[in-house]
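Chemist: Take a look at the following structure, please.
Nothing in this text is a laboratory measurement; each read-out follows from the coordinates by a stated rule. Predicted model, so just to flag it, every value in this text is computed and none were measured. When we count neighbours, we look across all protein chains shown, and the Cβ atoms used for this are built from the backbone with ideal geometry, even at glycine.
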Amino acid sequence: MIKYLISFPSGAMDVTDEELPAVADAAHAVVQEAKDAGVWVFGGGIDESVAPVRVDADGNATPGTYPQTARIEGGYSVLELPTYEAAVEWAAKIATACRCEQELRAFMYDPAS
């Protein structure tokens with residue numbers, strides 16, 4: 001099975017304050033469906049109030065992100081699925097619940113894990 005990252009940036013979710021509770025309920029329902037199906041690995045949103053730092057091999061922390069990564073924010077889900085087609089189906093479910101497009105990426109297979 002392959003792990004897939006399904007994500008979206010914060011700005012992609014364009015819902016009103018009135019719509020937000022329904023979106024949250026729909027998103028929680030999809031997460032529960034993924035858990036019930038045994039494909040859920042991890043998910044959550046980036047806490048944008050906590051500034052990012054880069055930590056080197058010596059443990060030194062430098063404020064900010066990699067230059068090519070201007071901003072990492074939004075919501076992320078990791079699912080373990082048998083096929084790419086199944087990943088597209090789950091990404092569509094999440095897109096429907098969150099009312100925004102999702103980006104789908106596959107993690108490289110690591111036989112040691």
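Chemist: If the elastic network links every pair of Cα atoms under 10 Å, which of Pro63, Pro21, Pro82 fluctuates the most in the Gaussian network model of the chain?
Modeler: Of the options given, Pro63 has the highest mean-square fluctuation.
Chemist: Just rank Ile72, Ile46, fewest to most, by other beta-carbon atoms within 10 angstrom. Show your work: numbers first, answer last.
Modeler: Numbers: Ile72 13, Ile46 16.
Exposure proxy ranking, most exposed first: Ile72, Ile46.
Chemist: Computed from the coordinates I sent, mean projected area of the Cα convex hull in nm² equals one of (i) 7.8; (ii) 8.4; (iii) 8.8. Tell me the label.
Modeler: (iii)
Chemist: Out of Gly74, Gly43, Leu104, whose Cα points farthest toward the positive end of the dipole of segment 35-113 (charges: +1 Lys, Arg; -1 Asp, Glu; placed on Cβ)?
Modeler: The one lying farthest along the dipole's positive direction is Gly74.
Chemist: Could you identify which residue out of Gln32, Gln102, Gln68 has the top mean-square fluctuation in a GNM of the chain using Cα springs shorter than 10 Å?
Modeler: In the Gaussian network model the winner is Gln68.
Chemist: Relative contact order for segment 1-102 using alpha-carbon pairs under 8 Å, separation at least 6, rounded to a whole percent?
Modeler: Numbers: 128 pairs, mean separation 50.3, N = 102.
The normalised contact order for segment 1-102 reaches 49 percent.
Chemist: Along Cα→Cβ, 7 Å out, is where each label goes; now give me the distance between the ones at Thr65 and Arg99 in nm to one decimal.
Modeler: With each label placed 7 Å out from Cα toward Cβ, I get 2.5 nm.
Chemist: Just to be sure I follow the definition: excluding the sites themselves, where is the longest run in the chain that has none of the chymotrypsin sites (Phe, Trp or Tyr not before Pro) in a DSSP loop with at most 13 other Cβ atoms within 10 Å? Present the calculation step by step, with values, prior to reporting the outcome.
Modeler: Details: sites that count: Phe107, Tyr109.
Here the longest run is 1-106.
Chemist: Based only on other Cβ atoms within 10 Å, what is the fewest-to-most ordering of Met13, Met108?
Modeler: Met108, Met13
Chemist: When the chain is treated as a GNM, springs tying every alpha-carbon pair under 10 Å, which of Val50, Val41, Val78 comes out with the largest mean-square fluctuation?
Modeler: Val50
Chemist: Please identify every one of the GluC sites (Glu not before Pro) in segment 1-103 that sits in a loop by DSSP and has no more than 16 other beta carbons within 10 Å of its own beta carbon. Don't skip to the end; give the middle numbers.
Modeler: Working: sites: Glu18, Glu19, Glu33, Glu48, Glu73, Glu80, Glu85, Glu89, Glu101, Glu103; in loops: Glu18, Glu19, Glu48, Glu73, Glu101.
In loop regions of segment 1-103 (DSSP not H, G, I, E or B), the sparsely surrounded GluC sites (Glu not before Pro) are Glu18, Glu19, Glu48, Glu73, Glu101.
Chemist: When the helices in the chain are scored as -39500 (n - 2.57) per DSSP H run of 4 or longer and the sum is shared across all residues, what 222 nm value do you end up with, to the nearest 500 deg cm²/dmol?
Modeler: -9500 deg cm²/dmol
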